[in-house]
Amino acid sequence: MATQINKQLGDNIFLTTLDAAASWGRANSLWPMPFATACCGIELMSTAASKHDLSRFGSEVMRFSPRQCDLMIVAGRVVMKMLPVLQRIWLQMPEPKWCISMGACACTGGVFDTYAVVQGIDRFMPVDVYVPGCPPRPEQLIRSILDLQDKIKSGGTVNAREFKLRILPEGPSRFDEDELIRIRERNGFKLDDQKYDPVH
Amino acid sequence: MANETTDSKPSEIETVKSRLVELLPGVGLEWSEFRGQTRVVFASGELLRCLNAFKAAGFDQLTDLTAVDLLEYGNVDDRFEVVYCLLNVDSGLRLIAKMHLNEPDLTIPSATSVWFGADWLEREVYDMYGIVFAGHPNFKRLLLPDDFQSFPLRKDYPVKGRGERHNFPIVTRAES
Ligand code: SF4
């Protein structure tokens, strides 16, 4: 239907939906907030620098004020003291906004399985695209931004309705299985016990 | 440089040793040597007197102050060891002074009156081991949040913590 009308109108007038037009604009002008807490931040800088040149994809305007951004790139490990800051910055960003979790540490805690490091930021805040790697190559980060652009273009709405449905936590359970293992060990179970299943 | 120091240092450390024995009559000092480093263990009751004597003997800089938790560490009787790494800036001589400490009384006098640089070092030791330094000018946690309950470098604290890293509200997409 739309294509037929398009044909009749020729090249001068385009018909589209408001949602698609808004999403097209948003996807091609993502303004990242670089939340770079560790070594992944170096790759993030490299991605933005001249060799990899993130501006080719319309998202080179790094802003250090959350109120001017719509893409949070968490690059690096987030410790328990930093997580409230991260959440606060995320809440300060205006809608619509998206989040890329960059690197093994931001996604899962990485090798830092210690008391201080949050085991994946997605336990406590929404994440749209995960980038694996330690650190991810700049190409991987660019790929993730392209994927995010596809995601926005395919599902975005002008008044951000699609976010309203996501009322449940999306990350892994907040319940700490390690704590359960420790409680059971304190009560005399051994991990190498064949019958012992630590999780269930 | 290395050759120079090996010749002059043994005699230097001997003079320091005799000076300290002079300055601290009646205080037990246990000297030991390991790979060219001189260590001295002193009694915990005499902390400030010993530190002042070390300073008087020429060790005018506190390069590091830390602690060790000796829980389940072979056949030692004491729980904690507080370590003062000292430097004589003029001669380059170093001394590692140690003191043992046991629960339940983990309060020792602060070294800030002797070397002011002990300020943050003592706060870090408190942060990680729970050793309290009485007389410190600004005594609170240095690295961890103020409401943190445990002392994570103690050996009886699990490396994965007691759930501190999981204790946050969840921000869902709809509400942010
Ligand atoms: S994933 Fe690797 S490079 Fe990235 S912050 Fe963690 S340790 Fe550093």
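The values are calculated or read from the model by the stated rules, or taken from the named source; none is laboratory data. Small disclaimer: the values here were computed from a predicted structure and weren't measured. With ideal geometry, Cβ positions are generated from the backbone for all residues, glycine too; neighbour counts draw on all protein chains shown. All accessible areas refer to the heavy atoms of the entire protein, side chains included, with ligands and DNA or RNA removed. Shrake-Rupley method; radii C 1.70, N 1.55, O 1.52, S 1.80 Å.
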| task | State the answer as a single residue: which of A:155, B:58, B:144 lies farthest towards the positive end of the charge dipole of the protein assembly as shown, with beta carbon charges of +1 for Lys and Arg and -1 for Asp and Glu, about the Cα centre. | result | A:155
| message | Among A:119, A:92, A:149, which one shows the highest mean-square fluctuation when chain A is modelled as a Gaussian network with alpha-carbon springs under 10 Å? | response | A:92
| message | Just to verify a number: FRET efficiency for residue A:143 and residue B:83, C-beta to C-beta distance, R0 = 56 Å, to 0.05? | response | 0.70
| task | Could you work out how far the C-alpha centroid of segment A:36-86 sits from that of segment B:69-145, in angstrom? | result | 39
| remark: Interface call, segment A:105-146: threshold 40 Å², probe 1.4 Å, accessible heavy-atom surface of protein chains, chain by itself vs complex, result A:113, A:115, A:124, A:126
| Gaussian network model of chain A, springs between alpha carbon atoms under 10 Å - residue of A:39, A:69, A:99 with greatest fluctuation | A:39
| query | Ignoring ligands, DNA and RNA, how much accessible area is buried between chains A and B, both sides summed, with a 1.4 Å probe, to the nearest 100 Å²? | reply | 2600
| field | Within segment A:54-92, trypsin sites (Lys or Arg not before Pro) in DSSP loop having at most 15 other beta-carbon neighbours inside 10 Å | value | A:63, A:81
| field | Accessible surface of chain A [probe 1.4 Å, protein heavy atoms]: carbon and sulfur percent | value | 59
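Could you give the accessible area per residue of chain A, probe 1.4 Å, as a whole number in Å²?
Details: 11050 Å² over 200 residues.
Ligands and nucleic acids excluded, the result is 55 Å² per residue.
With the cut-off at 1.5 for a/c, could you classify segment B:124-176 from its C-alpha gyration tensor as rounded, prolate or oblate? Please report the intermediate quantities before stating the final value.
Working: a/c = 4.84, a/b = 1.84, b/c = 2.63.
Oblate is the answer for segment B:124-176, as a/c is 1.5 or above yet b/c matches or exceeds a/b.
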| According to a simple spin-label model (label point 7 Å from Cα along Cα-to-Cβ), what is the distance in nm between residue A:173 and residue A:3? | 4.8
| message | Accessible area per residue for segment B:1-156 in Å², computed with a 1.4 Å probe and the full protein assembly in place, what is it? | response | 54
| task | Decide, for segment B:16-152, between rounded, prolate and oblate: order the square roots of the alpha carbon gyration tensor eigenvalues as a ≥ b ≥ c, take rounded if a/c falls under 1.5, and otherwise choose prolate if a/b is larger than b/c, else oblate. | result | prolate
| task | Given the options A:148, A:168, A:83, state which has the largest fluctuation in a GNM of chain A using a 10 Å cut-off (strictly under) for Cα springs. | result | A:168
| request: Could you check the simple spin-label distance between residue B:72 and residue A:81, using points 7 Å along Cα→Cβ, in nm with one decimal? | output: 2.7
| Going by the alpha-carbon gyration tensor, a ≥ b ≥ c the square roots of its eigenvalues, is chain A rounded (a/c under 1.5) or, if a/c is not under 1.5, prolate (a/b greater than b/c) versus oblate? | prolate
| Amide N proximity, segment A:78-105 versus residue A:151 label position 7 Å along Cα-to-Cβ, cut-off under 18 Å | A:87, A:90-91, A:93-105
| Antiparallel as a % of all DSSP beta bridges within the protein assembly as shown, to the nearest 5? | 55
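May I ask what percent, to the nearest 5, of DSSP beta bridges between residues of segment B:71-176 are antiparallel?
Given both bridge residues lie in segment B:71-176, the antiparallel proportion sits at roughly 75 percent.
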